1. Quote the FRET efficiency, to the nearest 0.05, computed for residue 81 versus residue 2 with a Förster distance R0 of 30 Å and r equal to the Cβ-Cβ distance.
2. Per residue of the range 30-40, what does 6.51 cos²θ - 1.76 cosθ + 1.60 with θ = phi - 60° give for ³J(HN,Hα)? Whole Hz please, x for Gly and Pro, Karplus curve as stated.
3. How large is the convex hull of the C-alpha atoms of the range 41-91 per residue, in Å³?
4. Put a dot 7 Å past each Cα toward the Cβ at residue 39 and residue 18; how far apart are the dots in nm?
5. At 222 nm, what helix-only mean residue ellipticity would the chain give, in deg cm²/dmol to the nearest 500, using -39500 (n - 2.57) for each DSSP H run of four or more?
6. Quick one, could you list the DSSP H helices from the chain stretching 15 Å or more along their long axis (Cα atoms) with average Kyte-Doolittle hydropathy of -1.0 or above?
7. Pick from 83, 70, 95: which residue has the top mean-square fluctuation in a GNM of the chain where Cα pairs under 10 Å get a spring?
8. So which aspartates and glutamates can residue 74 reach, going by Cα to Cα under 16 Å and dropping same-chain residues fewer than 8 places off?
Amino acid sequence: MAEYFQVFITTPTQVSAQSICQRLLRERLIACAQILGPLRSSYWWRGEINRSKEWLCIVKTDRRHYRKMEERIKQLHPYEIPEIIGLPIVVSLAEYRNWLKKELPKNRPSRG
């Protein structure tokens, strides 16, 4: 299993995106976050095609923090089933990996 992950999360508003990312940062569940948007999304939901404006959060975390981060997003997120997709970081700049390692604490993540 990969050590580090880039995780994609969509939200219905910029405010919810900022709120979720700030909470994850304060609780040290992620090392950084980028927020992009608005995006236009099209998707199936309850048998119908829906279209909506969404915001995309891209966050970085590691294997130790992934499950707790996922649980926290589910608690904070307004969607019934939030998009939480983690992709392994297969290669990256060594200095960037070292920075991720430094910013993601070895001890149990705090709740702030």
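Please treat every number below as a calculation from the coordinates, not as lab data. Not measured: the values here are computed from a predicted model. Ideal geometry is used to build each Cβ from the backbone, glycine not excepted, and the neighbour counts take in all protein chains shown.
1. On the way: r = 24 Å, r/R0 = 0.80.
FRET efficiency, residue 81 to residue 2: 0.80.
2. Whole-Hz 3J(HN,Hα) from phi for the range 30-40: 9, 8, 7, 8, 10, 10, 10, x, x, 10, 9.
3. Details: hull volume 5.6 nm³, N = 51.
In the range 41-91, the Cα hull volume divided by residue count equals 110 Å³.
4. Each label point is offset 7 Å from its Cα along the Cβ direction, giving 2.0 nm.
5. Numbers: 3 runs with 37 residues, N = 112.
Counting only the DSSP helices, I get -10500 deg cm²/dmol.
6. Answer set is 14-26.
7. 95
8. Qualifying aspartates and glutamates at Cα under 16 Å: 27, 83.
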